[in-house]
Amino acid sequence: MLLAGCGEKLQITANPVKDVQTMQYQDEQLNVYCVTGICQFELSSNKDITLTVNMHYSETRSFDKIEGVSVTGSQGSTVQMLGGNRFSMALVANDSPTKIQVVDYYR
C-alpha cells in the first residue's frame, strides 16, 4: 500500500504483515486499525520523516494502552511513546522497510 500526503512529494509505504485491517496516512500521522490488539506492519519512506502512529481497534475504539512496540531495523531506537495508543518513530529516506509489531496490553 502506497500512502502519500495530498500535494506533497513525501511517500510513505505501509505494508500490512499480520492482522492489520487498514492503514490511513495524513499529515505525518499514520492510523493503523487492528481488531486483535496484536499486529505487524512494515514502513518505509522516500524522505526522512518522524511519523506518529496511532493504533486503533476500529473507527470508534483506540488501543487502550500499548504494551510494547517491537521494531526490526535500524530505526528501533527512535521509537517514543506518546500516550496509551500512539508512538512516534523516525524513518530514513530510501532505507529498507522497518518491520513493526504493536501489542495492546488490554487485548
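The values are calculated or read from the model by the stated rules, or taken from the named source; none is laboratory data. Values in this document were obtained by computation on a predicted structure and should not be read as measured data. Cβ coordinates were reconstructed from backbone atoms using ideal geometry, including for glycine residues, and neighbour counts include every protein chain displayed.
Quick notes on this structure:
- Residue that is surrounded by the most Cβ atoms within 10 Å (Cβ to Cβ) [pool: residues in region 1-22 that are at pLDDT 95 or above and of a type in the set (Val, Ile, Thr)]: Val20
- Meets criteria (closer than 16 Å to Asn31 by Cα and in contact with a helix residue (DSSP H, G or I) (Cβ under 7 Å, 6 or more places away or on another chain)) for Met81: no
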